[in-house]
Amino acid sequence: MRLIFDEFGIVVKDMGATDPAYLEVIDFLAGGTSAEALVAFRPSDAVQRRVSNLLASDKEGELDEEERQELADFLQLEHLMIMAKARARRKLLLGK
């Protein structure tokens, strides 16, 4: 594994091709957010296209190991966002 440092000198794992998806979510969360903004969050068109292409290639059995890991990473991130959005929706509905 190759390590990289961010602008604050913090070691960050190099996530390779998954960087755009992770960085979009990290930037969104780091900017501060509300329950409404969390519920409304959507990945960029570029990320959506990349995942769509990975899913199509996976269906055809054409993913290499790096792409398989990229897809797995995105699916894990998607699961986290689904759970966070569910909590945010509940918070909005209950007013808490």
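The values are calculated or read from the model by the stated rules, or taken from the named source; none is laboratory data. This structure is a prediction, so every number in the text was calculated from the model and none was measured. We place every Cβ from the backbone using ideal geometry, glycine too, and count neighbours over all the protein chains shown.
Can you tell me which of (1) over 18 Å from the mean Cα position of the chain (by Cα); (2) in contact (Cβ under 8 Å) with a residue 24 or more places away in the chain is the one Glu67 doesn't meet?
The failed condition is (1).
Out of (1) more than 15 Å from the chain's Cα centre (by Cα); (2) modelled with pLDDT of 80 or more, what's the single condition that is false for Lys85?
The one condition Lys85 does not meet is (1).
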